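Presented below is the structure to which this report refers.
The values are calculated or read from the model by the stated rules, or taken from the named source; none is laboratory data. Here the structure is a predicted model, which is why all the values come from computation and not from measurement. Note: ideal-geometry Cβ built from the backbone for every residue, glycine included; neighbour counts use all protein chains shown.
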Ligand code: T5A
(Lines give C-alpha, C1' and ligand atoms only; values in the text may rest on other atoms or scores of the structure.)
Protein backbone atom coordinates (compact mmCIF):
# COMPACT_ATOMS: atom_id res chain seq x y z
CA UNK A 1 0.00 0.00 0.00
CA UNK A 2 1.26 3.46 -0.88
CA UNK A 3 2.12 5.82 2.00
CA UNK A 4 0.75 9.29 2.65
CA UNK A 5 2.52 12.48 1.61
CA UNK A 6 2.11 15.08 4.36
CA UNK A 7 3.56 18.58 4.15
CA UNK A 8 4.08 21.41 6.63
CA UNK A 9 3.89 24.98 5.44
CA UNK A 10 4.07 28.45 6.97
CA UNK A 11 6.27 31.50 7.35
CA UNK A 12 9.69 31.74 8.96
CA UNK A 13 9.82 30.48 12.54
CA UNK A 14 6.25 29.15 12.48
CA UNK A 15 7.36 25.90 14.13
CA UNK A 16 7.39 23.43 11.23
CA UNK A 17 10.75 21.82 12.07
CA UNK A 18 9.74 21.67 15.74
CA UNK A 19 6.59 19.66 14.97
CA UNK A 20 8.10 17.19 12.49
CA UNK A 21 9.85 14.88 15.04
CA UNK A 22 6.60 14.74 17.03
CA UNK A 23 4.63 13.72 13.95
CA UNK A 24 7.27 11.11 13.11
CA UNK A 25 7.12 9.64 16.64
CA UNK A 26 3.35 9.57 16.60
CA UNK A 27 3.15 7.78 13.24
CA UNK A 28 5.94 5.34 14.08
CA UNK A 29 4.10 4.39 17.29
CA UNK A 30 1.14 3.38 15.12
CA UNK A 31 3.50 1.08 13.17
CA UNK A 32 4.01 3.27 10.08
CA UNK A 33 7.34 3.65 8.27
CA UNK A 34 8.17 7.37 8.13
CA UNK A 35 10.67 9.46 6.16
CA UNK A 36 11.18 13.17 6.98
CA UNK A 37 12.43 15.55 4.28
CA UNK A 38 12.80 19.26 3.69
CA UNK A 39 12.52 21.65 0.77
CA UNK A 40 14.41 22.99 -0.89
CA UNK A 41 16.71 20.01 -0.36
CA UNK A 42 16.43 16.37 0.62
CA UNK A 43 18.77 14.82 -1.98
CA UNK A 44 22.47 15.63 -2.59
CA UNK A 45 21.66 17.62 -5.75
CA UNK A 46 18.70 19.40 -4.16
CA UNK A 47 20.82 20.29 -1.11
CA UNK A 48 23.37 21.98 -3.43
CA UNK A 49 20.52 23.98 -4.96
CA UNK A 50 19.35 24.86 -1.41
CA UNK A 51 22.77 26.39 -0.70
CA UNK A 52 22.52 28.57 -3.80
CA UNK A 53 19.00 29.66 -2.88
CA UNK A 54 19.68 30.46 0.77
CA UNK A 55 23.12 32.07 0.57
CA UNK A 56 23.21 35.77 -0.35
CA UNK A 57 25.70 36.54 -3.16
CA UNK A 58 26.39 40.26 -3.50
CA UNK A 59 28.24 39.71 -6.82
CA UNK A 60 25.46 37.74 -8.56
CA UNK A 61 22.03 38.46 -7.16
CA UNK A 62 19.49 35.73 -8.01
CA UNK A 63 16.73 37.07 -10.24
CA UNK A 64 13.14 36.01 -9.51
CA UNK A 65 12.91 33.71 -12.56
CA UNK A 66 16.08 31.86 -11.55
CA UNK A 67 14.77 31.51 -8.00
CA UNK A 68 11.51 29.98 -9.26
CA UNK A 69 13.29 27.58 -11.61
CA UNK A 70 15.76 26.48 -8.94
CA UNK A 71 12.93 25.77 -6.48
CA UNK A 72 11.29 23.51 -9.03
CA UNK A 73 14.58 21.92 -10.11
CA UNK A 74 15.23 20.90 -6.50
CA UNK A 75 11.62 19.74 -6.09
CA UNK A 76 11.57 17.66 -9.28
CA UNK A 77 14.78 15.92 -8.19
CA UNK A 78 13.35 15.19 -4.74
CA UNK A 79 9.95 13.99 -5.94
CA UNK A 80 11.22 11.80 -8.79
CA UNK A 81 14.22 10.21 -7.08
CA UNK A 82 13.03 9.89 -3.50
CA UNK A 83 9.43 10.81 -2.67
CA UNK A 84 7.62 8.75 -5.32
CA UNK A 85 9.74 5.59 -4.84
CA UNK A 86 9.45 5.79 -1.02
CA UNK A 87 5.67 6.33 -1.14
CA UNK A 88 5.42 3.28 -3.40
CA UNK A 89 7.40 1.27 -0.80
CA UNK A 90 4.77 2.23 1.79
CA UNK A 91 6.64 4.99 3.60
CA UNK A 92 4.75 8.02 4.84
CA UNK A 93 6.65 11.16 3.88
CA UNK A 94 6.62 14.26 6.07
CA UNK A 95 8.05 17.22 4.20
CA UNK A 96 9.10 20.55 5.71
CA UNK A 97 7.70 22.82 2.95
CA UNK A 98 6.66 21.80 -0.57
CA UNK A 99 4.85 23.28 -3.54
CA UNK A 100 2.60 25.67 -1.62
CA UNK A 101 5.74 27.53 -0.45
CA UNK A 102 6.40 28.48 -4.07
CA UNK A 103 2.92 29.89 -4.53
CA UNK A 104 3.31 31.88 -1.28
CA UNK A 105 6.94 33.08 -1.62
CA UNK A 106 7.60 33.34 -5.37
CA UNK A 107 3.93 34.14 -6.18
CA UNK A 108 2.68 36.24 -3.25
CA UNK A 109 6.08 37.43 -2.02
CA UNK A 110 7.95 38.09 -5.27
CA UNK A 111 4.87 38.78 -7.40
CA UNK A 112 5.46 36.11 -10.06
CA UNK A 113 2.27 35.27 -11.96
CA UNK A 114 0.17 32.19 -11.22
CA UNK A 115 0.41 31.31 -14.92
CA UNK A 116 4.22 31.28 -14.87
CA UNK A 117 4.28 29.22 -11.68
CA UNK A 118 1.71 26.77 -13.05
CA UNK A 119 3.72 26.33 -16.26
CA UNK A 120 6.92 25.39 -14.43
CA UNK A 121 4.98 23.31 -11.94
CA UNK A 122 3.43 21.31 -14.77
CA UNK A 123 6.87 20.35 -16.09
CA UNK A 124 8.34 19.59 -12.66
CA UNK A 125 5.48 17.79 -10.93
CA UNK A 126 2.61 17.11 -13.32
CA UNK A 127 -0.40 16.29 -11.15
CA UNK A 128 1.57 15.14 -8.10
CA UNK A 129 0.18 16.67 -4.83
CA UNK A 130 0.33 16.11 -1.05
CA UNK A 131 -2.41 14.10 0.67
CA UNK A 132 -2.59 16.65 3.48
CA UNK A 133 -0.92 19.98 4.27
CA UNK A 134 -0.66 21.68 7.66
CA UNK A 135 -0.37 25.44 7.40
CA UNK A 136 1.16 26.79 10.62
CA UNK A 137 -0.11 30.34 10.60
CA UNK A 138 1.76 32.98 12.58
CA UNK A 139 2.13 36.77 12.54
CA UNK A 140 5.37 37.27 10.52
CA UNK A 141 6.75 39.67 13.14
CA UNK A 142 6.49 36.95 15.77
CA UNK A 143 7.93 34.37 13.36
CA UNK A 144 10.94 36.57 12.56
CA UNK A 145 11.49 37.15 16.28
CA UNK A 146 11.69 33.36 16.73
CA UNK A 147 13.93 32.93 13.65
CA UNK A 148 16.28 35.75 14.78
CA UNK A 149 16.71 34.17 18.20
CA UNK A 150 18.38 31.23 16.39
CA UNK A 151 21.20 33.30 14.84
CA UNK A 152 22.15 34.76 11.44
CA UNK A 153 19.49 35.33 8.77
CA UNK A 154 19.50 33.68 5.30
CA UNK A 155 18.72 35.36 1.95
CA UNK A 156 14.94 35.00 2.40
CA UNK A 157 14.88 36.04 6.03
CA UNK A 158 16.50 39.37 5.06
CA UNK A 159 13.35 40.36 3.11
CA UNK A 160 11.24 43.30 4.26
CA UNK A 161 8.18 42.85 6.52
CA UNK A 162 5.72 43.51 3.66
CA UNK A 163 7.16 40.50 1.76
CA UNK A 164 6.23 38.19 4.65
CA UNK A 165 2.77 39.79 4.95
CA UNK A 166 2.13 38.94 1.29
CA UNK A 167 3.44 35.39 1.84
CA UNK A 168 1.04 34.91 4.74
CA UNK A 169 -1.94 36.38 2.87
CA UNK A 170 -1.27 34.08 -0.12
CA UNK A 171 -1.08 31.00 2.11
CA UNK A 172 -4.34 31.89 3.86
CA UNK A 173 -6.17 32.68 0.61
CA UNK A 174 -5.14 29.29 -0.83
CA UNK A 175 -6.17 27.46 2.36
CA UNK A 176 -9.58 29.19 2.38
CA UNK A 177 -10.19 27.93 -1.17
CA UNK A 178 -8.94 24.38 -0.46
CA UNK A 179 -10.09 23.45 3.05
CA UNK A 180 -9.94 19.70 2.37
CA UNK A 181 -6.33 19.94 1.25
CA UNK A 182 -4.93 22.43 3.79
CA UNK A 183 -5.54 22.45 7.55
CA UNK A 184 -4.74 25.84 9.08
CA UNK A 185 -3.32 25.77 12.61
CA UNK A 186 -2.77 28.77 14.89
CA UNK A 187 1.00 28.58 15.39
CA UNK A 188 0.98 31.21 18.16
CA UNK A 189 -0.23 28.48 20.54
CA UNK A 190 2.17 26.41 22.63
CA UNK A 191 4.07 23.60 20.90
CA UNK A 192 1.84 21.05 22.68
CA UNK A 193 -1.40 22.65 21.53
CA UNK A 194 -0.15 22.95 17.96
CA UNK A 195 0.72 19.24 17.99
CA UNK A 196 -2.60 18.25 19.47
CA UNK A 197 -4.39 19.86 16.49
CA UNK A 198 -2.03 18.14 14.06
CA UNK A 199 -2.61 14.83 15.78
CA UNK A 200 -6.40 15.13 15.51
CA UNK A 201 -6.16 15.75 11.77
CA UNK A 202 -3.76 12.80 11.35
CA UNK A 203 -6.12 10.50 13.24
CA UNK A 204 -8.85 11.45 10.77
CA UNK A 205 -6.56 10.93 7.76
CA UNK A 206 -5.44 7.48 8.95
CA UNK A 207 -8.95 6.38 9.92
CA UNK A 208 -10.00 6.62 6.26
N1 LIG B 1 11.23 28.90 0.06
C2 LIG B 1 11.11 27.54 0.20
C3 LIG B 1 10.69 29.56 -1.03
O4 LIG B 1 10.85 30.77 -1.17
N5 LIG B 1 9.99 28.83 -1.96
C6 LIG B 1 9.84 27.48 -1.89
O7 LIG B 1 9.21 26.86 -2.78
C8 LIG B 1 10.43 26.79 -0.75
C9 LIG B 1 10.30 25.30 -0.62
C10 LIG B 1 13.77 27.80 3.37
C11 LIG B 1 13.51 29.16 2.73
O12 LIG B 1 13.15 28.95 1.38
C13 LIG B 1 11.97 29.65 1.07
C14 LIG B 1 11.23 29.79 2.38
C15 LIG B 1 12.34 29.85 3.41
O16 LIG B 1 12.66 31.22 3.59
P17 LIG B 1 14.31 27.19 5.82
O18 LIG B 1 15.49 27.44 6.69
O19 LIG B 1 13.97 25.80 5.49
O20 LIG B 1 14.51 28.01 4.49
O21 LIG B 1 13.16 28.08 6.41
P22 LIG B 1 11.97 27.78 7.34
O23 LIG B 1 11.20 26.62 6.84
O24 LIG B 1 11.21 29.04 7.45
O25 LIG B 1 12.68 27.41 8.70
P26 LIG B 1 12.49 28.02 10.09
O27 LIG B 1 13.36 27.18 10.97
O28 LIG B 1 12.68 29.50 10.10
O29 LIG B 1 10.99 27.83 10.48
P30 LIG B 1 10.25 26.66 11.21
O31 LIG B 1 10.83 25.34 10.88
O32 LIG B 1 8.82 26.86 10.93
O33 LIG B 1 10.49 26.99 12.75
P34 LIG B 1 11.20 26.11 13.88
O35 LIG B 1 10.42 24.92 14.19
O36 LIG B 1 12.63 25.97 13.52
O37 LIG B 1 11.04 27.11 15.12
C38 LIG B 1 11.70 28.36 15.16
C39 LIG B 1 11.94 28.74 16.63
O40 LIG B 1 10.69 28.91 17.27
C41 LIG B 1 10.57 28.02 18.40
C42 LIG B 1 11.58 26.92 18.18
O43 LIG B 1 12.01 26.37 19.39
C44 LIG B 1 12.69 27.65 17.42
O45 LIG B 1 13.56 28.28 18.31
N46 LIG B 1 9.17 27.54 18.41
C47 LIG B 1 8.22 28.04 19.20
N48 LIG B 1 8.23 29.01 20.14
C49 LIG B 1 7.07 29.28 20.77
N50 LIG B 1 5.89 28.60 20.53
C51 LIG B 1 5.83 27.62 19.61
N52 LIG B 1 4.66 26.99 19.36
C53 LIG B 1 7.04 27.31 18.90
N54 LIG B 1 7.33 26.40 17.93
C55 LIG B 1 8.63 26.57 17.64
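Looking at 42, 13, can you tell me which residue is within 13 Å of the ligand (Cβ to nearest atom), under 28 Å from residue 189 (Cα atoms) and in a loop (DSSP other than H, G, I, E, B)?
13
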#### Entry: Residues of the stretch 80-138 classified as within 16 Å of the ligand (Cβ to nearest atom), crowded, with 22+ Cβ neighbours inside 10 Å and assigned to a strand (DSSP E or B), total
7
### Query
Only one of (1) more than 21 Å from residue 166 (Cα to Cα); (2) without any contact (Cβ under 8 Å) to a residue 60 or more places away in the chain; (3) within 14 Å of the ligand (Cβ to nearest atom) fails for residue 25. Which number is that?
(3)
### Query
Would you call residue 74 under 26 Å from residue 173 (Cα atoms) and either buried (at least 18 other Cβ atoms within 10 Å of the Cβ) or free of Cβ contacts under 8 Å to residues at least 12 places away in the same chain (or both)?
yes
### Message
All but one of (1) farther than 21 Å from residue 110 by Cβ; (2) modelled with pLDDT of 95 or more hold for residue 150; state the number of the condition that does not hold.
### Response
(2)
### Message
Among the residues that make up the stretch 147-154, is at least one of them out of contact with any strand residue (DSSP E or B) (no Cβ under 6 Å at 6 or more places or on another chain) and part of a helix (DSSP H, G or I)?
### Response
yes
### Query
Cβ-Cβ below 6 Å, separation at least six or inter-chain, first residue in the stretch 93-106 and more than 21 Å from residue 24 (Cα to Cα), second within 6 Å of the ligand (Cβ to nearest atom) and modelled with pLDDT of 95 or more: which pairs?
102/71
### Task
Among the residues of the stretch 155-178, write down those that are in contact with a helix residue (DSSP H, G or I) (Cβ under 7 Å, 6 or more places away or on another chain) and part of a helix (DSSP H, G or I).
161, 163, 164, 165, 166, 167, 168, 169, 170, 171, 174
